[in-house]
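Peer 1: I have a structure here, written as structure tokens, and I will follow up with some questions on it.
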Amino acid sequence: MAAYKRVLLKLSGEALMGDDSYGINRATIERMVSEVAEVAALGIELAIVIGGGNIFRGVAPGATGMDRATADYMGMMATVMNALALQDAFRRAGVTARVQSALNIEQVVEPYIRPKAIRYLEEGKVVIFAAGTGNPFFTTDTAAALRGSEIGAEIVLKATKVDGIYSADPNKNPDATRYERISFNEAIAKNLEVMDATAFALCRDQKLPIRVFSINKPGALYRAVTGDNEGTLVHM
């Protein structure tokens, strides 16, 4: 049984790569879409914010020394590409999805309009938010916190490559321990970099909890939305 009515899922672009060095791995995106479709079938209203690191990584060497704002706009356009790929994968899976972009590219995707996004959610459509906040110097984590707050989501689900927030990098420190629950203030004070401080602070101020879990763990998303103690809960 679903524990939430409306959720915001934050997917990193890197999550779409699978085992590839960059780009979109078809098997990986199809697996993710099937897990999201399973959650949508519970009647949960689901919005997604997608990153662009999987695409931007391929051009990053050429962006060395580039103006930061220019590089950020390139990253935003990469998220639009990912959003379109997700939308098409949802279509193949029989799920209706709509893409809204914070950058105005009306020939390709519709612009972000909050009332329309909420209406799509109420109609049972998956809404994919692309182009971050539409502004340079802000991450897609911050976009997830912003869009989650705007649409009235009950929780932000942050999908990563690790199964929660650890006291240290578990890949470098075998003694690192996973937090089951941690407060926003503690996460910020300890500089736990699973999300940037701006996103943490915005969610804290809006009393919007975050659950961090592994997207590579089968069934993790389903368990996260049905109230199981999956990953790490960041709360007030």
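The values are calculated or read from the model by the stated rules, or taken from the named source; none is laboratory data. The structure displayed is predicted, hence computed values, not measured ones. Cβ: placed from backbone, ideal geometry, glycine included. Neighbour counts: every protein chain shown.
Peer 1: With respect to the numbered conditions (1) touching a residue at least 24 places away in the same chain (Cβ under 8 Å); (2) in contact with a strand residue (DSSP E or B) (Cβ under 6 Å, 6 or more places away or on another chain); (3) over 28 Å from Phe56 (Cα atoms); (4) not in a loop (DSSP other than H, G, I, E, B), which one is the sole condition not fulfilled by Tyr120?
Peer 2: (1)
Peer 1: How about the range 142-191: which of its residues are part of a helix (DSSP H, G or I) and modelled with pLDDT under 95?
Peer 2: Phe184, Asn185, Glu186, Ala187, Ile188, Ala189, listed by residue number.
Peer 1: Taking only pairs six or more apart or across chains, which ones have beta-carbon atoms under 6 Å, a first residue in the range 125-139 that is under 16 Å from Arg114 (Cβ atoms), and a second residue that is hydroxyl-bearing (Ser, Thr, Tyr) and surrounded by fewer than 24 Cβ atoms within 10 Å (Cβ to Cβ)?
Peer 2: From residues that are under 16 Å from Arg114 (Cβ atoms), the pairs are Lys125/Thr96; Val127/Tyr120.
Peer 1: Sticking with this structure for a sec: So, Thr79, is that one of a type in the set (S, T, N, Q), surrounded by 14 or more Cβ atoms within 10 Å (Cβ to Cβ) and either over 19 Å from Gly51 (Cα atoms) or out of contact with any Leu (no Cβ under 8 Å at 6 or more places or on another chain) (or both) or not?
Peer 2: Yes, satisfied.
Peer 1: From the residues in the range 13-34 that are polar (S, T, N, Q) and under 18 Å from Phe90 (Cβ atoms), which one is modelled with the lowest pLDDT?
Peer 2: Asn25
Peer 1: Is it true that some residue in the range 45-67 is of a type in the set (Val, Ile, Thr), modelled with pLDDT under 95, surrounded by fewer than 23 Cβ atoms within 10 Å (Cβ to Cβ) and within 23 Å of Phe138 (Cβ to Cβ)?
Peer 2: Yes: one or more hits.
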